[in-house]
Amino acid sequence: MALVLHCGSGNKNAFKALIAAEYTGVKVELTKNFEMGVSNKTPEFLKMNPLGKIPVLETPEGAVFESNAIARYVARLKDNSSLCGSSLIDYSHIEQWMDFSATEVDANIGRWLYPRLGFGPYVPALEEFAITSLKRSLGALNTHLASNTYLVGHSVTLADIVMTCNLYYGFVRILIKSFTSEFPHVERYFWTMVNQPNFKKVIGDFKQAESVPPVQKKAAPPKESKAKEAKKEAPKEAPKPKVEASEEEEAPKPKPKNPLDLLPPSKMILDEWKRLYSNTKTNFREIAIKGFWDMYDPEGYSLWFCDYKYNDENTVSFVTMNKVGGFLQRMDLCRKYAFGKMLVIGSTPPFKVKGLWLFRGQDIPKFVMDEVYDMELYEWTKVDLSDEAQKERVNAMIEDQEPFEGEDLLDAKCFK
């Protein structure tokens with residue numbers, strides 16, 4: 001019999017059990033047509049959880065409520081599951097980080113977010129306290145993740161699942177880029193986790209919040225008698241004229257041009273290079289590499305090497321490759337202005353990540369540095385084309401030359 005999870009879709013607390021189920025192979029089904037405020041008020045539901053809260057897991061042995069307890073149950077159903085660690089100290093550390101996630105991360109996100117959404121009184125001093133507490137907690141987490149890929153050990157555990165689900169709620173609702181950029185290791189960890197196949201299958205695609213929700217103001221109680229009198233006496237003073245005036249004043253403005261579009265024209269047509277790269281299947285050096293240097297415009301474009309700062313963390317091959325894949329996804333905003341090669345190097349861990357990027361202009365575009373948090377995780381060095389060794393290194397990276405600098409290539413990805 002499949003386990004039944006009573007909850008609506010899109011609930012971050014339900015995600016914990018569903019992701020754990022993906023890792024353990026346990027079958028968990030969401031109830032169909034669950035309606036909050038109706039389904040959780042039925043006598044049958046209240047027998048499983050007298051408080052009427054979600055989620056609730058229905059099992060052959062009885063019901064389980066509280067999301068972390070449900071996730072633990074699912075994780076332990078298979079004896080060979082690595083989600084709970086391989087030793088007593090691993091298990092204790094997993095529990096430690098699950099408690100930290102609940103009391104230090106999730107709770108402080110809620111204290112900041114919920115009053116703004118109208119679920120409780122909004123008090124500026126309390127909000128300031130919540131933000132300070134959350135920054136302190138994320139600072140501690142950031143320090144731990146500076147030298148650890150996962151919270152415990154060298155693979156995903158229940159601690160990572162719970163922490164990621166709690167961070168997810170903050171990232172989509174209130175934790176904007178300017179806030180999370182203070183914690184680069186937390187950002188890297190979070191985006192690495194949500195791009196793991198078992199996480200992504202449950203959570204899906206989403207975007208980080210772009211603004212902090214405004215405080216919901218309570219509307220003043222309507223005074224019906226006065227409202228009716230006003231309507232009778234002055235029907236022409238309805239809000240429609242104001243809307244019309246507003247529409248006149250707020251005529252659509254032309255979208256500002258990207259500063260890179262304002263640069264002097266370049267003889268290098270980036271799309272032509274990308275086509276040549278994609279279509280060259282043989283004699284790569286003679287055709288593609290030669291074609292690149294024939295097209296290259298050192299006045300209109302610049303070349304950059306990048307080296308990942310934390311290669312000692314790259315102990316798991318698929319996690320390292322996913323990390324690079326996530327970086328390339330986030331670079332999509334500059335596809336019109338860039339070409340890149342990213343190499344994962346080495347046959348044994350820790351793996352090295354190095355890259356080569358071609359950018360429009362003489363500097364790395366500011367909007368890329370501002371928007372793509374991964375940029376801070378790399379050392380960037382402008383290529384000196386007067387140095388033949390550096391020029392040959394450019395050729396080797398474009399070509400995916402192997403061995404590269406004396407080591408095997410684990411993976412090579414292209415951004416074009």
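Quick notes on this structure:
- Its relative contact order, with pairs defined as Cα atoms under 8 Å and 6+ residues apart, puts the chain at 13 percent.
- The phi-based Karplus calculation (6.51 cos²θ - 1.76 cosθ + 1.60; θ = phi - 60°) puts the 3J(HN,Hα) values of segment 280-287 at 8, 10, 9, 6, 4, 4, 6, 9 Hz, whole numbers, x for Gly and Pro.
- Residue separation of A102 and F119 scaled by 0.36 nm, minus their Cα-Cα distance, works out to 4.2 nm of gained length.
- Highest-first arrangement of 41-54, 107-120, where packing means the average Cβ count within 10 Å: 107-120, 41-54
- If you model segment 1-45 as an ellipsoid using its alpha carbon gyration tensor, with each semi-axis the square root of five times an eigenvalue, the axes come out at 21, 12, 7 Å, biggest first.
- Within the set (i) 1.06; (ii) 0.98; (iii) 1.08, the number that Rg/Rh (Cα atoms, Kirkwood Rh) takes when calculated for this structure is listed as (i).
- Descending semi-axes in Å of segment 306-416, equivalent ellipsoid built from Cα gyration tensor: 21, 18, 12
- Residue-averaged 222 nm ellipticity for the chain, from DSSP H runs of 4+ at -39500 (n - 2.57), nearest 500: -13000 deg cm²/dmol
- Take every Cα pair under 8 Å whose residues are at least 6 apart in sequence, average their separation, divide by the length of segment 1-142, and the relative contact order is 20 percent.
- Here the Gaussian network model covers the chain, with springs between Cα atoms less than 10 Å apart; of D332, D106, D261, D261 fluctuates the most.
- Most mobile listed residue (K341, K267, K352) in the chain, GNM with C-alpha springs under 10 Å: K267
- Rg to Rh, two decimals, where segment 1-81 supplies the alpha carbon set and Rh follows Kirkwood: 0.95
- Surface exposure of the chain, expressed per residue as accessible area with a 1.4 Å probe, stands at 54 Å².
- Against the chain, whose longest principal axis comes from its Cα atoms, helix 270-279 is set at around 80 degrees.
- Max mean-square fluctuation residue, GNM over the chain, Cα-Cα springs under 10 Å, options M397, M36, M375: M36
- Cα-based convex hull volume of segment 341-386 per residue, rounded to whole Å³: 100
- Under a model in which nothing but the beta-carbon of Lys, Arg (+1) and Asp, Glu (-1) is charged, the chain shows a dipole of about 1640 debye around its Cα centre.
- Most tightly packed first, judged by the mean number of other beta-carbon atoms within 10 Å of their residues, the peptides 91-97, 152-158 read 152-158, 91-97.
- 25 °C / 0.890 mPa s Stokes-Einstein diffusion coefficient of segment 307-366, Kirkwood radius on C-alpha pairs, µm²/s: 197
- Centre-to-centre separation between the Cα atoms of segment 347-416 and those of segment 49-65: 51 Å.
- Cross-link pairs beyond the 19 Å C-alpha cut-off, checked among K341/K382; K177/K352; K207/K323: K177/K352
- Size-normalised alpha-carbon gyration radius of segment 86-215, reference 2.2 N^0.38 Å: 1.06
- Label positions at Q216 and M295, each projected 7 Å from the Cα along the C-beta direction, are separated by 5.3 nm.
- In order along segment 95-111, the Karplus-derived 3J(HN,Hα) couplings, from 6.51 cos²θ - 1.76 cosθ + 1.60 at θ = phi - 60°, round to 4, 4, 6, 5, 5, 4, 4, 6, 8, 9, 9, 4, 4, 6, 4, x, 5 Hz, and Gly and Pro are given as x.
- Straightening the chain between A389 and K27 buys 124.7 nm, computed as 0.36 nm per residue apart minus the Cα-Cα spacing.
- The share of accessible area on the chain that comes from carbon and sulfur is 53 percent, using a 1.4 angstrom probe.
The values are calculated or read from the model by the stated rules, or taken from the named source; none is laboratory data. The shown structure was predicted, so the numbers you read here are calculated from the model rather than taken from an experiment. Every residue, glycine among them, receives a Cβ derived from its backbone with ideal geometry; neighbour counts consider all protein chains shown. For accessibility, only protein heavy atoms count, side chains too; no ligands or nucleic acids. Shrake-Rupley method; radii C 1.70, N 1.55, O 1.52, S 1.80 Å.
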